[in-house]
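Written out below as structure tokens is the structure these notes cover.
The values are calculated or read from the model by the stated rules, or taken from the named source; none is laboratory data. Computed from a predicted model, the values in this text were never measured in an experiment. Note: areas computed on protein heavy atoms with side chains; ligands, DNA, RNA excluded. Shrake-Rupley method; radii C 1.70, N 1.55, O 1.52, S 1.80 Å.
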Amino acid sequence: MSEHKVIILVGPGGVGKSTISQYLCSHFPDEFQETVSCTTRTIRKGEVDGVHYHFISESEFAEKIKNNEFLEYNLFPNGNMYGTLFSEVYKILKTKNCILVIDPFTAMEMKSKMPNNKVITIFLDIDDDILLSRLKKRGDDESTIMQRILIAHEERNAKGKCDYALMAENVEKTANIIHFLV
């Protein structure tokens, strides 16, 4: 591998983006690393600051926005903010490929903020029946599942704007294809 890249995994919720990212990081630890995002939400039992997230206050988050420290950030409907720091990405890129798991619309915006040859966007998808099954296994209620299916149909509009589109029905196979592409 000559130059390290930012690998952005996008696609509907429930397709396995995080699982594939974790597979790449655990099976190819010298080549891939995920970023640790910042969040304003409260730390949960079992989480470690700096490992799962950087837990910061709303005022700290606002200061980082003001100072243009975020590559991307979002306010979620529950009022919590999440964001990826430029410094986090560049620290990882010194030694390996950086993996981000974000929504497709943010990915397209992010791609414009970094040198184009450094960013690879990969749209991951699965059949709606498999997606429905996975969402049910997560324990989501019926209205949440239907909302996620509707959002999935919207997010699929971004597929053509990504560098690659892969079906993610098998974690190992999909991760190995991504490893080969990078």
Next on the checklist: Report, in listed order, any pair from 5/159; 111/159; 17/64 with a Cα-Cα distance greater than 22 Å.
Outcome noted: 17/64
Item to check | Apportionment of accessible area to carbon and sulfur, the chain, percent (1.4 Å) | outcome: 51
Checklist outcome for this item: The extension gain from residue 18 to residue 52, computed as 0.36 nm times the residue separation minus the Cα-Cα distance, is 11.0 nm
Checklist outcome for this item: Quick numbers on the chain, Rg and Dmax over C-alpha atoms in Å, give 16.3, 47
Checklist outcome for this item: Taking every alpha carbon pair in region 69-135 and sorting the distances into 5 angstrom bins from 0 up to the bin holding the longest one, the percent per bin comes out as 3, 13, 21, 22, 16, 13, 9, 3, 0
Item to check | Per residue solvent-accessible surface (Å²) - region 1-131, probe of 1.4 Å | outcome: 50
Item to check | Dimensions (Å) - region 1-64, Cα atoms, principal axes, largest first | outcome: 39, 28, 23
Next on the checklist: Over the Cα atoms of region 91-182, what radius of gyration and what Dmax do you get, in Å?
Outcome noted: 14.9, 44
Next on the checklist: Using helices alone, I'd like the mean residue ellipticity at 222 nm for the chain: each DSSP H run of four-plus residues gives -39500 (n - 2.57), total over residue count, nearest 500.
Outcome noted: -11500 deg cm²/dmol
Checklist entry - Most mobile of 37, 57, 18 per a Gaussian network model of the chain (Cα springs, under 10 Å)? => result 57
Checklist entry - How high is the relative contact order of region 1-125, given as a whole-number percent (alpha carbon pairs under 8 Å, six or more residues apart)? => result 45
